[in-house]
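What follows is a set of notes on a single structure, which appears directly below.
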Amino acid sequence: MGEILCLNAGSSSLKFALFAIRDGEPIPAASGKIENIGLEPHLIAHDAKGKTIAEQRWTQSDNATHETLLGDLLDRIEASAGPDLIGVGHRIVHGGIDFSEPVRLDDRVLARLDALCPLAPLHQPHNLAAVRAVQAVRPSLPQVACFDTGFHHAIPAVATRLALPRALEDEGVRRYGFHGISYEYIARKLGEIDPVLSGGRVIAAHLGNGASLCAIKDGQSVDTTMGFTALDGLVMGTRCGTLDPGAVLYLFQQKRMSAEQVEHLLYSESGLLGVSGVSSDMRALLASDDPRADEAIDLFAWQIARQAGALASSLGGLDMLVFTAGIGENSPEVRARSCARLAWLGVEIDAEANDSNQSIISTPASRVTVRVVPTDEERMIAIHTADLLAAGKDAS
Ligand code: AMP
């Protein structure tokens, strides 16, 4: 059918993945990232086997913008893929209450997504800037938005509500949930590999630099730990997670911090980094002999268990626990520590299976099946983009 480029754009980085679509299935062709945009950008790309196929550095005097860098990336892809590039799929953090499904991007949709920037000021403007940059250099190339909030669209109203005056809810101050593209992928994958239990009560733990839990019932999200923003819920690499709002008032009133300072503290100086004083990176914490690193790991595991307990209540029990993303897929230590705290729910893991990152890490006697499932957000974006483009063709 052709090739699809998936983009995940941040303020100074752009991750990309190229898929060839064969019989509706995405086949990985290449992936990579451009980092340090705005200063001295650095592009690196690998083929599907991990071999480096392109690398380039720009200096500040090159004045490389998002637009010129995306133009360069598209030139390279078209030079290798020829006229086969049929569309671009984007990870867009916020779809608000209107966009529950992926949508073809045009000026009207972009304007509605612009209006959501105040709800995700650190991510949404950069996601949309990448759409506009592609629009500027390839105006006729179809683009599709996939939303991190989309999978949580149908969670019960009670799980969306913040106990603030209703007028604020009416203007969108409510819980949305994020990491939805990852959770949708996991829910689909479970349907393939474990069709019986995937229809039951599942908690998926997306544990990466950003971290959250999602309660999934019959393949649908019914509760999740992130809320109005991606600050809520678990302790993360540099984000604070669930916090007493009184602590934020203290920062303003007693510490006399500005809104920008508080934002920076909560998003970039807190979490594992803030607690350990060592690193935001789990590998570095696990390797450290600083006792504060161990305390940070312990807090992370304690919160996973504590919030999994809350989600088990939303599900009315638990049949399966799934670990995914950088930490979830690779850290036996974090999985062991959090599962030990969930023994009361019937979670029992097999140390050997856990240590060797097997796909099932629970014992045969465990009441809850515990799995490790690698996530693939780019593949999910490619599937949606291919489906939407194919549907558009059929309709015309
Ligand atoms: P992600 O955001 O999904 O890329 O995940 C990044 C996080 O995964 C970082 O905290 C890494 O330290 C962590 N991570 C990656 N590999 C490992 C590993 N082998 N053991 C522990 N943590 C890991």
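Output the 0 to 90 degree angle, nearest 10, between the alpha-carbon long axis of helix 66-81 and the longest principal axis computed from the alpha carbons of the chain. On a 0 to 90 degree scale, this one is about 80. The calculated FRET efficiency for Leu110 paired with Ile193, based on their beta-carbon distance and R0 = 45 Å, is about 0.75. Relative to one another, the C-alpha centroids of segment 1-49 and segment 234-285 are positioned 31 Å apart.
Can you list the equivalent-ellipsoid semi-axes of the chain, largest first and in whole Å, using the square root of 5 times each Cα gyration tensor eigenvalue?
Semi-axes, largest first: 33, 26, 23 Å.
Against the chain, whose longest principal axis is taken from its Cα atoms, helix 180-193 shows a tilt of about 80°.
For segment 162-243, the spherically averaged projection of the C-alpha convex hull amounts to 5.9 nm².
Note on segment 87-170: Cα-only Rg and Dmax are 14.1, 45 Å. Label-to-label distance, Ile27 versus His264, with points set 7 angstrom from Cα along the beta-carbon direction: 4.9 nm. In the chain, which longest range has no trypsin sites (Lys or Arg not before Pro) that are both DSSP loop (not H, G, I, E or B) and surrounded by at most 11 other Cβ atoms within 10 Å? The longest uninterrupted stretch comes out as 52-254. Our Cα-only numbers for segment 144-282 put the radius of gyration and Dmax at 16.8, 55 Å. Taking the 1.4 Å solvent-accessible surface of the chain as the whole, the part contributed by carbon and sulfur is 51%.
Just to confirm, what accessible area per residue do you get for segment 12-101 at 1.4 Å probe, in whole Å²?
51
With the chain treated as a Gaussian network of Cα nodes joined by springs under 10 Å, which of Gly177, Gly200, Gly271 yields the largest mean-square fluctuation? With Cα springs under 10 Å in the chain, the top fluctuation among Gly177, Gly200, Gly271 is at Gly200.
Give me D for segment 328-395 in µm² s⁻¹, whole number, from Stokes-Einstein with Rh from the Kirkwood sum over alpha-carbon pairs, 10 °C and 1.306 mPa s. The calculation lands on 113 µm²/s. Within the same chain, aspartates and glutamates fewer than 8 places from Lys49 are excluded, and of the rest, those with a Cα less than 19 Å from its Cα are Glu3, Glu25, Asp376, Glu377, Glu378. The residue list Ala145, Gly38, Ser80 was ranked by how far each Cα lies along the charge dipole of the chain toward its positive end, using unit charges on Cβ atoms, and Ala145 comes out on top.
The values are calculated or read from the model by the stated rules, or taken from the named source; none is laboratory data. Every value quoted in this text rests on a predicted model; they were computed, and no experiment measured them. With ideal geometry, Cβ positions are generated from the backbone for all residues, glycine too; neighbour counts draw on all protein chains shown. Note: accessible area is taken over every heavy atom of the protein model, side chains too, but ligands, DNA and RNA are not part of it. Shrake-Rupley method; radii C 1.70, N 1.55, O 1.52, S 1.80 Å.
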